[in-house]
Amino acid sequence: MTVSSSVAEATGFAIAEIRRILEPRGVVDGPFHAFKAGHMPDKGPAWYSANVFNGLDDAEIDELEAELDFPIPEQTEAHIPAPLRAFLRVTNGLECHALSIYGDAAKIEHAVAAPISLRYGQYPTERAPDIPRTWFGFGAINGPWASQGLLYLTEAEEVVLAHRDTGQVGARWHDLSDFLVSEIPRQLAVHDPDGDLRAGCAVLPGETSDWEEIARRADADRSAETTVTTRMKRWWKKMLSGDTPPRG
């Protein structure tokens, strides 16, 4: 079986599971194969637990690829890895509970909206220093509050979940197909019919039990740094205006 057919089958399986589990809570069909499912009115009148989009053709994927920023150093332009191209042919990104797989945000589906932009996964400012530039960012899984795991395809086409702030790896999957047929059913299983996390379950897979505390410390450090920088800017502004004499 080729990579493309394996990923296509895995994507089809994952989408079927989303529909099977969430359709009883409400589904809205868009054009062609797009839909959103799992209506949760208690969380918001327009809240749905999953969004599935129409696939892109090769020309649309090429156009999306051409818009990607910050190519890795070994290339003259960015390239969407073959497994992700196969996924995008089936669905232009996907959202299921805490999981988001990015796509072409410019392609808006009637009644279903649009995915998060794939360009977001390539921004160097969103990549921890220890994450290789050769890893291709394609999605994220949000933690309970502050934490977030970013999803990457490695050079070997392995899927890795890395902490947003530190780059610490919490989970690995053999390939994109393995990720799709395991993580999407897991997301559906750890959330109850109301879309809430079940007691004793973790929204983030793998060795991630300390990720929330790590993220909170990182947020506190950023806030402290911002506060110091803001104070210095205010002090310099006053000094330059003559309101505050320089110390020394």
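The values are calculated or read from the model by the stated rules, or taken from the named source; none is laboratory data. Here the structure is a predicted model, which means the values were calculated and not measured. Counting neighbours? That spans all protein chains shown, and the Cβs are built from the backbone with ideal geometry, glycine included. The accessibility values were calculated without ligands, DNA or RNA, using every heavy atom of the protein model including side chains. Shrake-Rupley method; radii C 1.70, N 1.55, O 1.52, S 1.80 Å.
What is the percent carbon and sulfur in the accessible area of segment 169-230, measuring with a 1.4 Å probe over the protein chains and ignoring ligands?
The value for segment 169-230 is 52 percent carbon and sulfur by accessible area.
In the neighborhood of E60, defined by Cβ-to-Cβ distances under 12 Å, what is the net charge if each Lys or Arg adds +1 and each Asp or Glu adds -1? Write out the running numbers ahead of the final one.
Details: positive: R85, R89, K107; negative: D57, D58, D62, E63, E65, E67, D104.
Net of charged neighbours comes to -4.
Let a ≥ b ≥ c be the square roots of the eigenvalues of the Cα gyration tensor of segment 165-213; is it rounded (a/c under 1.5), or, if not, prolate (a/b larger than b/c) or oblate?
Working: a/c = 2.80, a/b = 1.14, b/c = 2.47.
It comes out oblate by the Cα gyration axes.
How high is the relative contact order of segment 1-90, given as a whole-number percent (alpha carbon pairs under 8 Å, six or more residues apart)?
29
By per-residue mean of other Cβ atoms within 10 Å, what is the highest-first order of 141-147, 42-48?
Ranking, from highest mean packing down: 141-147, 42-48.
Rounded, prolate or oblate for segment 6-127? Axes are the square roots of the Cα gyration tensor eigenvalues, ordered a ≥ b ≥ c, and the cut-off for rounded is a/c under 1.5.
Prolate is the answer for segment 6-127, as a/c is 1.5 or above and a/b outweighs b/c.
Find the all-direction average of the projected area of the Cα convex hull for the chain, expressing the result in square nanometres with one decimal place.
On the way: hull surface 71.9 nm².
That works out to 18.0 nm².
How would segment 105-223 be classified by its alpha-carbon gyration tensor: rounded, prolate or oblate, with rounded meaning a/c under 1.5 and the a/b versus b/c comparison settling the rest?
rounded
I need the calculated FRET efficiency for the pair I108 and A16, taking r as the beta carbon distance and R₀ as 22 Å, to the nearest 0.05.
With R0 = 22 Å, the Cβ-Cβ based efficiency is 0.35.
Within 10 Å, count the other beta carbons around each residue, average over each peptide in 27-38, 194-205, 7-18, and list them highest first.
Averaged packing, sorted descending, gives the order 7-18, 27-38, 194-205.
What does the accessible area per residue of the chain come to in Å², with a 1.4 Å probe and no ligands, DNA or RNA counted?
Averaged over the residues of the chain, the accessible area is 52 Å².
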